[in-house]
Amino acid sequence: KLYDERLAALPVVRPGTAQDLDYHAGSASLGFAAASAYAPFFPQVVAFAPHIPEHLVIAGPAYALGPEYSFDRKVELRLRYEGTDLPPEKLGIYQEVGEDKWVMVGNEWDAIERRVSAKLRRLGRYALLADLTAPEIEKLQPAAGAVVDGRPKIRAVLRDAGAGIGREEDIEFELDGRPLIAEYDPDADLVHGLLLADLAPGRHRLVLVVRDMSGNQAEARTEFEVR
């Protein structure tokens, strides 16, 4: 009976009705489209203290959203940023997907309301975090000082444990001052640069610039020789 009374006190989301619900004095809000719920639904938003890895920074509240529910239309979660020290582009809503593992699910910034939003298909554990760490570039090839043939493999290993690398246009190869087409394989953490013709004999300079979804940038350079 006590559980029923508590449930009855919660706001209810009903099929066919669009609703915006605020929680914790507006620090968190949920936006439901009219087609989001297929049955009456009682959202629950409980604050918790997240345990996050060292490459991320706690920027605001963390909430466990429940109960378990899969929506027909995505729900918008909005978390308010109360601070002033972090640039808005570094903020994001992250979902806890494993022990000490968080994945960014959205980073739309509302400057007027000072809120970050993300669209969710399922509820779970979410936090407002910031990523201030640049991606890592490893094993840029051809390696510095390498002597190669006219059609060398151009590639590198990319890793980003924070916001992630979300768009191929945020990966830029430049060979001797000219752009190369980049093909990114996120599952293998590999990026390849495509050569459309053999390189001329002599020295060549390769530059790789990578940005993550929080705008953090890394750059690597190498010079090699074609014989």
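The values are calculated or read from the model by the stated rules, or taken from the named source; none is laboratory data. Remember, it's a predicted structure, so these values are computed and weren't measured experimentally. Positions of Cβ are generated from backbone atoms using ideal geometry, with glycine treated the same way; all protein chains shown enter the neighbour counts. What goes into the accessible areas is simple: the full protein's heavy atoms, side chains included, and nothing from ligands, DNA or RNA. Shrake-Rupley method; radii C 1.70, N 1.55, O 1.52, S 1.80 Å.
How many residues does segment 124-155 hold that are acidic (Asp, Glu) and closer than 17 Å to Val57 by Cβ? Break it down stepwise before answering.
As a first pass, look at segment 124-155 and keep what is acidic (Asp, Glu): 131, 136, 138, 149.
If we keep only those that are closer than 17 Å to Val57 by Cβ as well, we get 131.
Result for segment 124-155: 1.
Picking from residues in segment 185-207 that are under 27 Å from Val57 (Cα atoms) and in contact (Cβ under 8 Å) with a residue 12 or more places away in the chain, the one that is most open to solvent (accessible area, probe 1.4 Å) is Pro186. Scanning segment 16-50 for residues that are part of a loop (DSSP other than H, G, I, E, B) and in contact (Cβ under 8 Å) with a residue 40 or more places away in the chain returns Gly26, Ser27, Ala33, Pro43, Phe48, Pro50.
One line per residue, one yes/no per condition, for (1) in contact with a helix residue (DSSP H, G or I) (Cβ under 6 Å, 6 or more places away or on another chain); (2) among the acidic types (Asp, Glu); (3) surrounded by 15 or more Cβ atoms within 10 Å (Cβ to Cβ); (4) modelled with pLDDT of 90 or more:
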site	(1), (2), (3), (4)
Ala49	no, no, no, yes
Gly66	no, no, no, yes
Ser70	no, no, no, no
Met104	no, no, yes, yes
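Of all residues in segment 159-184, exactly one satisfies the criterion of being β-branched (Val, Ile, Thr) and either open to solvent by 30 Å² or more (accessible area, probe 1.4 Å) or touching a residue at least 60 places away in the same chain (Cβ under 8 Å) (or both), namely Ile181.
Set side by side, the residues Pro53, Pro15 differ, and just one is within 24 Å of the chain's Cα centre (by Cα), modelled with pLDDT under 95 and not aliphatic (A, V, I, L, M), which is Pro53.
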